[in-house]
Amino acid sequence: ADFWGIEETNSKIDIKKGKKSSPLTGGLSIMIVGCGKVGKTLVERLSKEGHDISVVDKSAARLQSVTNMYDVFGVVGNGASFTVLKEAGIEHTDILIAVTDSDELNLLCCLVAKRSGNCDVIARVRTPDYSEEKTYLKEKLGLAMMINPEQEAANAISRILYMPTALEVAPFARGHAEMVRIKLPQGNVLTGKKIADLVKELSGAVLICAVERSGEVYIPGGDFELAAGDVISFIAPVRDGRKFLKRNGFHTHQVKSCIIVGGGRAAYYLGKRLIELGISVQIVENKKERCEELSILLPQAIVVNGDGTSEELLNEIGITTTESLVPLTGIDEENIMLTLYAKEVSDAKVVTKINRITYTGVIDQLDLGSVVYPKYITSEAIIAFVRSKTATMNNNIETMIHLFDERVEAIEFVVGDQSPVVNVPLADLKLKSNLLVACINHRGKVLIPDGNDVIQGGDTVIIVTTNTGFHDIEDILR
């Protein structure tokens with residue numbers, strides 16, 4: 001396979017061709033339009049998955065940065081131009097992903113790509129007006145996926161505020177099950193218990209899938225003993241997960257009040273969702289015009305015009321008594337400082353949005369609690385779709401999330417009738433190590449399986465593993 005990069009000479013970008021260090025094996029041809037934060041994240045993660053990547057961006061400098069770091073083909077130009085797309089290889093592209101800063105440009109890129117190539121198209125669309133017309137736009141423009149990072153981040157935050165003990169809550173089985181991540185405090189009744197003993201107590205209602213301890217991640221066996229400070233991820237049907245937490249001394253009631261600092265799109269989506277859940281919302285925004293817009297869009301919210309980083313203002317609006325705080329400014333450092341301040345002066349549940357993803361090690365050491373990365377949410381949804389395109393036997397990926405800094409994957413597969421895992425007791429399947437069949441969803445009935453249970457065609461199955469790169473349910477077999 002060929003390596004493509006770009007090189008700047010005499011203020012002009014010339015395309016350069018060379019050899020890749022290792023050939024691709026069965027990867028897809030993927031074109032990414034836009035080299036911003038989401039674009040770079042997709043290049044990084046899809047390159048690791050073994051796909052042939054081409055990138056289009058108007059900025060030569062941004063494109064140069066990406067092609068210097070990754071084995072990709074770069075073209076400088078307008079991604080909505082047929083000439084540019086053709087130069088970038090649209091005729092041989094399997095998937096085009098448009099993630100520029102402009103919703104309109106992303107939609108136009110997808111439209112041109114559908115007319116000039118034979119590829120699936122994915123658009124990032126953030127404007128609320130377009131998001132409300134998602135079904136119409138997908139149908140009329142032929143979009144395989146339309147994704148909104150701010151809206152997805154708001155949904156993730158609202159799930160955490162609904163269960164404030166959790167560090168993270170991820171839905172599976174079309175909302176019938178959820179993966180919950182919590183930290184075991186000192187003196188909790190779960191500390192000192194072995195997984196095998198918990199399995200007997202829980203009677204198949206909850207399954208502990210992964211544990212992080214002192215920087216190491218484990219898929220726990222029956223002899224694994226929980227300890228204070230462990231961060232555990234468990235999966236359960238929705239009601240059973242809440243019962244499990246309550247029975248073991250965790251607070252399970254949703255928050256009743258929330259202060260949102262920053263009035264951007266994410267604040268709008270989050271405010272709207274929290275109001276629907278019956279949570280009182282205050283939004284602090286320093287631009288008067290935006291405050292007026294939010295007051296019209298969210299009449300049930302209290303919108304405060306002021307500097308959300310001001311201690312005086314935060315105290316005035318009740319930071320010491322609010323049950324939750326969500327910093328949604330566009331500056332990561334401000335969000336982190338607001339989180340640390342809130343943890344010092346109140347008992348509020350705080351969820352921090354982080355846009356940049358280059359300092360995760362430092363962020364983890366700050367013990368911020370719940371952290372949401374919109375770029376990760378976006379890339380994981382797209383990677384799940386890409387992996388489904390390479391699967392066999394119609395085993396699509398419904399949901400995929402990464403846990404513990406990408407060291408664990410939780411993947412929900414839709415299982416085809418002809419799959420070799422169908423109608424075989426789980427105990428008889430030759431499964432890879434460091435892997436759990438965590439949950440089976442059979443026509444809306446969620447089951448935490450044991451060795452006697454079987455997977456049937458049409459089921460969705462959730463796999464949790466420290467192995468990476470699963471595309472197909474067959475990948476769980478040795």
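The values are calculated or read from the model by the stated rules, or taken from the named source; none is laboratory data. The structure displayed is predicted, hence computed values, not measured ones. So basically every Cβ, Gly included, is an ideal-geometry build from the backbone, and we count neighbours across all protein chains shown. Protein only, heavy atoms only, side chains kept; ligands, DNA and RNA dropped before computing areas. Shrake-Rupley method; radii C 1.70, N 1.55, O 1.52, S 1.80 Å.
Here are the numbers for the structure shown:
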read-out	value
I275 paired with N68, simple spin-label distance in nm, labels 7 Å along Cα-to-beta-carbon	4.6
Mean Cα-pair separation over length for region 266-312, i.e. relative contact order, pairs under 8 Å, 6 or more apart, %	39
Vicinal HN-Hα couplings computed from phi for region 242-252 (Karplus, 6.51 cos²θ - 1.76 cosθ + 1.60; Hz; Gly/Pro x)	5, 4, 4, 5, 4, 5, 9, x, 9, 6, 10
Separation in nanometres of the label points that stand 7 Å from Cα toward Cβ, at L141 and D197	5.6
Accessible area (Å², 1.4 Å probe, nearest 10) - L245	0
For M337, solvent-accessible area (1.4 Å; no DNA, RNA or ligand), Å²	120
Whole-number Å³ per residue for the convex hull built on Cα positions in region 31-112	77
Sequence-distant residues sharing a close amide H with K256 (under 5 Å, placed H)	E323
Alpha-carbon gyration tensor eigenvalues x 5, square-rooted, for region 130-219, Å	36, 15, 12
Integer Hz, Karplus 6.51/-1.76/1.60 couplings in order for region 306-314, x for Gly and Pro	x, 7, x, 9, 7, 4, 4, 5, 4
Computed helical MRE - 222 nm, the chain, DSSP H runs ≥ 4 contributing -39500 (n - 2.57), nearest 500	-9000 deg cm²/dmol
Three semi-axes of the equivalent ellipsoid, the chain, Cα gyration tensor, whole Å, largest first	36, 32, 20
In order through region 56-63: 3J(HN,Hα) via Karplus (6.51 cos²θ - 1.76 cosθ + 1.60), integer Hz, x for Gly, Pro	10, 7, 6, 8, 5, 5, 5, 5
Solvent exposure ordering (accessible area, 1.4 Å, most first) of E152, E285	E152, E285
Cut-off under 5 Å, modelled amide H: who pairs with K353 long-range	V372
All lysines inside 30 Å of K200 as judged from Cα atoms, apart from same-chain residues fewer than 8 positions distant	K183, K243, K246, K430, K432, K445
With eigenvalues of the C-alpha gyration tensor scaled by 5 and rooted, region 400-478, Å	19, 14, 12
Computed accessible area, Y376, all protein chains, 1.4 angstrom probe, square angstrom	50
Value of D in µm² per second that Stokes-Einstein yields for region 292-377, Kirkwood Rh from Cα pairs, at 25 °C (0.890 mPa s)	176
Shape of region 41-88, Cα gyration tensor, a/c cut at 1.5	oblate
Cα gyration tensor shape for region 235-275, rounded if a/c is under 1.5, else prolate or oblate	prolate
